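Okay, so here's the structure we're looking at.
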Amino acid sequence: MTDSPSRYQRVATAARCIHDGFLDYNRAFREITARAGRRFEERDWKGQMADIAARVELYELWARRTVETLRTELGEDLAGHAFWAEVRECFGLRVEAVPDAGFMKTFFNSITRRVFGTRGVDAAVEFVQPPPEEGIESLTMRRYPCWNDLDQACQRVLQDFAFERPYVNRDADARDMAATIREQLGGGEADADCLRFEFIDSHFFQGTRAYLVGRMRLTDQVRPIVVALRNDDEGIAVDAVLLTAEQVGVVFSYTRSYYFADPTSVVAAVQFLHGLLPDKPIDELYTVLGRLRQGKTERYRQLMHHLDRTDDAFVHAAGDAGLVMIVFTLPSFNLVFKIMRDVFRPPKTTTQEDVHQSYRLVSRHDHAGRLIDTQFFRNLELPRARFSEALIDELMQEAPRTVAAHGDRLVFGHAYVERRVRPLNLYIREVEEAEAKRVILDYGRCIKDLAATNIFAGDLLLKNFGVTSSGRVVFYDYDEVMLVSDCRFYELPEPDEDFPLMEHATTRFVGAHDIFPEEFIRFLAMPAFLRQTFLSEHSDLLTAEYWRDVKRRRVAGEVAEIVPYARQSIAPQQISL
């Protein structure tokens, strides 16, 4: 650090501006998060959906504001590398060992990347190494010893996590909780085997549900426990008790919407969840807790670490080549990278900006367990030697405005990165008939779940859907996504003497949002037995009336409850917003 007081002061001013920018962002993030409890109690689902979008936009908003403040404060000093190396040291010394310091360092890096237009990582001015992990003890927990009486322990949990709105029947819920635990643990010895419950000291809100997230300490093991609470016309009630890593993993899936939760330490909460779900990547846990930028940072670190210790090459991802995106993957790493072509071939009529807007729409929307979370990277650098010449040639020819070679690196001006799933059109050829029928029915349910959340997928070809490791069908091609409420659904017109539809010279104007569901049958390129299976349950998807009814419900402010667990006694509902 220089001995010049004026330079030292400018360094400190820059570090302070970034720190203050982060605090302002984090304060706004927590204010929106804090509203979730009231939204749940008042059943203000419309307000909660608006908060999802607002919170996603916060990071970029405060990053831009912070850069503007720095330009005002520093002027020409803003772009000096030596100066910024000093700012990084000043900043790092002052946030070291602070709870969630990694978030602050990620924000610092975001500012430097905007200042310098960084490609890849600039180790001279960025924090590169992951921050030291915080101890799990920094996470505030609520603990409930079980004195050989599960009913009583469950009663205390529900009483402690009460809302202003009362439970419909808390005693009955506690008994049902205890009964579920006994059944999972093997019967009568469960009351003695369960030593205590430990729950994170925060409700977790997602969709129309609130969750209590914790673990059970047993005499010989530790198991997860997640309690789902619903709020209906009568009041609050327990909707499900989830006790296996498989069940809880679906609740914290990368296909689900982001949680509203305020644990005392997000880093420690992620460590806690990772202890319950060791197969769940750390980056996905950050993301599902709403810390999207930290999730993106962790994903990049994991990718770079993986590249350092492997030598396989990037290849085209499995499935049919897209007209909009070039999609490649690393066989040994469970991600795909989507690079937009400069020119889209017919029949595509969308523009690059249309596609970007579709991806932004998805990032701000309820995922309903059917949309894969996608991260947008700018100036992503990958080692050129890990690409085949054929793939490099395609990238350079099809996306020269996005892809450039710099020495031994390929730089992607923008890339969408998401989890890899098996394309549905390939999956149904690889599995037994019974499994193929199951996923084809789930394909139909996927389209309906998306519609229930006001999403029309646009392109319903099987190649645009995939099957996750848990066997769930999801949609991942967002090039033509639009809102159901923005679409117009029509029956195909019958030709007549006045309007000979089948003559080649006949034309009719069809708007971008004009949809003819009867034509969907053309997308069902599947064996006859699977088409028959699909139509046995989902033939209504081929009628304009079905879609007009869905649109009417969405415009009227109704939303379908789509929950990430099996509900034994509650039928699906339409809820007014």
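Values quoted throughout were computed directly from the atomic coordinates according to the rules given, and no laboratory measurement underlies them. Since this is a predicted model, take the numbers as computed values, not measurements. Heads up, the Cβs are rebuilt from the backbone with ideal geometry, glycines too, and the neighbour counts pull from every protein chain shown.
For a quick check: sort 304, 482 by the number of other beta carbons within 10 angstrom, fewest at the front.
The fewest-first ordering by Cβ neighbours comes to 304, 482.
Measure off 7 Å from each Cα along the Cα-to-Cβ vector at residue 332 and residue 16, then give the distance between these two points in nanometres to one decimal.
Output for this residue pair reads 4.9 nm.
Which helices, counted as full DSSP H runs in the chain, have an axial Cα extent of no less than 18 Å and a Kyte-Doolittle average of -0.5 or above?
Values: long enough: 5-42 (55 Å, -0.85); 45-74 (44 Å, -0.38); 81-95 (21 Å, 0.23); 101-116 (23 Å, 0.29); 170-185 (22 Å, -0.89); 292-308 (24 Å, -1.58); 433-452 (29 Å, -0.10).
Span-like helices, by this rule, are 45-74, 81-95, 101-116, 433-452.
Cross-link partners among lysines for residue 296, C-alpha distance below 18 Å, same-chain residues fewer than 8 apart left out?
Partners found: 105, 280, 338.
Which length gain, in nm to one decimal place, applies between residue 7 and residue 152 when the Cα-Cα distance is subtracted from 0.36 nm times their residue separation?
Length gained, residue 7 through residue 152: 45.8 nm.
Calculate the FRET efficiency for residue 429 and residue 364 from the Cβ-Cβ distance with a Förster distance of 41 Å, rounded to the nearest 0.05. Each step should come with its number before you reach the end.
On the way: r = 35 Å, r/R0 = 0.86.
With a Förster radius of 41 Å, E is 0.70.
What size of dipole, in debye to the nearest 20, comes out for the chain about its Cα centre when the only charges are +1 on Lys and Arg C-beta atoms and -1 on Asp and Glu C-beta atoms?
Values: 73 positive and 89 negative charges, 228 e Å.
So the magnitude is around 1100 debye.
So between residue 246 and residue 192, what do we pick up on full extension, going 0.36 nm a residue minus the alpha carbon distance?
17.0 nm
Sorted by mean Cβ packing within 10 Å, highest first, what order do the peptides 524-534, 153-163 take?
Numbers: 524-534: 15.0, 153-163: 17.4.
Ranked by mean Cβ neighbours within 10 Å, highest first: 153-163, 524-534.
Of 272, 214, 254, which is farthest along the charge dipole of the stretch 138-289 in the positive direction, counting Lys and Arg as +1 and Asp and Glu as -1 at C-beta?
Sorting the options by dipole projection puts first 272.
In which sequence would 222, 56 go, from the one with the fewest C-beta neighbours within 10 Å to the one with the most?
222, 56
Fewest to most neighbouring Cβ within 10 Å: what's the order for 33, 72, 287?
Details: 33 20, 72 10, 287 24.
The order, fewest Cβ neighbours first, is 72, 33, 287.
Rounded to whole Å and ordered largest first, report the semi-axes of the equivalent ellipsoid of the stretch 138-289 derived from its Cα gyration tensor (root of 5λ).
So the equivalent ellipsoid measures 23, 19, 14 Å along its semi-axes.
Based solely on C-alpha atoms, express the radius of gyration and the Dmax of the chain in angstrom.
26.0, 91
Between residue 516 and residue 545, 0.36 nm times their residue separation minus their Cα-Cα distance comes to what?
Here the segment from residue 516 to residue 545 would lengthen by 9.4 nm.
Could you give the distance between the Cα centres of the stretch 341-396 and the stretch 9-63, to the whole Å?
So the separation of the two Cα centres works out to 27 Å.
Among bridges DSSP assigns within the chain, what percent are antiparallel (round to 5)?
Taking every DSSP beta bridge within the chain, about 95 percent pair in antiparallel fashion.
Between residue 78 and residue 409, what is the label-to-label distance in nm when each label sits 7 Å out along the Cα-to-Cβ direction?
2.3
Could you work out [θ]222 nm for the chain from helices alone, using -39500 (n - 2.57) per DSSP H run of at least four and dividing by all its residues? Round to the nearest 500 deg cm²/dmol. Before the final figure, lay out each step's value.
Details: 17 runs with 244 residues, N = 577.
Value at 222 nm, helices only, nearest 500: -13500 deg cm²/dmol.
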